[in-house]
Amino acid sequence: MIYLDHNATTSVRPAVLAAMMPCMEEQMGNPASVHSFGRAARQGLDYARRQVADFFAVHESLVCFTSGATEANNLAIFGCAGMRNQPGHVITSAIEHPSVLEAFRSLEQQGHEVSFLDVDAAGRVHPETLRKILKKETFFVSIMHANNETGVIQPIAELGRICREHGALFHTDAVQSMGRIPWDHATFPVDMVSISAHKMGGPKGVGALIMERSLPLKPMLVGGGQERGRRAGTQNLPGIVGLGAVTQWIADHQMEEIKAMKRLRDHMEDELSATVPGLVIFSKNAARIPNTSLLGIEGVHGETLVMNGIARPCGHGGCGRVGNECRANQHGVEYPIVGAGTIYSTIHTHCGRVASSVALAKNIIFLNLKY
Ligand SMILES: Cc1ncc(COP(=O)(O)O)c(C=O)c1O
């Protein structure tokens, strides 16, 4: 089986699993309890919080653990809107993950004015497009760091700077860039960033919203006051320990892995270009995260690819992706860059025609990129 769907999720790294095991086997306490069991659990929580805070070079109090990036994105968006007592203007891009797009649509229903920025032909939000649309009432902007389908890296340093000049809060969803490009806190003027453990070799169901400075976000979950009142509920300790461990792993090892991923992805694209007539590699010349290819075949309709690919990927040599897993029934057609005939990491779709590439993928990508 070839697994080429690491942007949907990826396996847990052994070092991360090893860090999580004692937490599940021995540390059964609630980190909010004051007795020794609770204090032991609390130590694990604090350690993980430090690992994440150090990665982003922020104070530990600015890390809010969540159930994943969907919740972190929602917390950033609704939390910021909830800091105000009147509607205003907010901006995002048309290519965000549904956890951002749907939250913005919801703000629209609540009376806020929402602008969805288009991307250029390379799948990039142009900073000047943002500058032009900002207005006095704009209080919040959210643009992802790297897109989950094209892999295109957005110019968040510039976008963040523009927001800062304007006085609007800037949030980025860094789910797909974590571990795939270095996070440069010195040059990224970002007020909030969302991350998710399971996209980078950690466990599912845990993530964080990291703030650059303390913001009085309106919580979505109220109760026991955990996470400094920003997110109530007993913390998912094994998951959080895993998130801390994977963040640490990335800080220590990401450069080697980034180089290896890029080499393999480029090799795969070269092989496929040489073998598949009419192959299109979207945003090939744009800055992209090193693990992602968005591929299309001229003249082949996306629906046909769905029928021939996604309908029977398992046991037929591969498991890639058509469209976005979060909108599996829509085949990604909402994305401006994903039109008819585009496929995403779906070299399994025509395994008869690209057998050598499938073999290549099997040998070099699956085996080597499997954590
Ligand atoms: C860019 C992006 N943001 C957010 C999410 C949601 O992350 P989670 O699964 O942790 O809720 C995903 C998952 O597909 C994603 O790709």
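Between MET255 and ARG228, what FRET efficiency follows from the Cβ-Cβ distance if R0 is 35 Å, with the result rounded to 0.05? Present the calculation step by step, with values, prior to reporting the outcome.
On the way: r = 33 Å, r/R0 = 0.95.
With a Förster radius of 35 Å, E is 0.60.
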Which part of region 93-110 falls in the paramagnetic zone of LEU221, meaning amide N under 19 Å from the point 7 Å along Cα-to-beta-carbon? 99-100, 103
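Is there a pair in LYS199/LYS262; LYS204/LYS284; LYS136/LYS218 whose C-alpha atoms are over 26 Å apart, and which pairs would that be?
LYS204/LYS284
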Length gained, LEU17-ASP46, 0.36 nm per residue minus C-alpha separation, equals 8.6 nm
May I ask you to compute the full-extension gain from SER273 to ALA186, defined as 0.36 nm times their residue separation minus their alpha-carbon distance, rounded to one decimal in nm? 27.5 nm
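Values in this text are rule-based calculations from the coordinates and carry no lab data. If you're wondering where the values come from, they're calculated on a predicted model, not measured in any experiment. In this analysis, Cβ positions are derived from the backbone assuming ideal geometry, glycine residues included, and neighbour counts consider all displayed protein chains.
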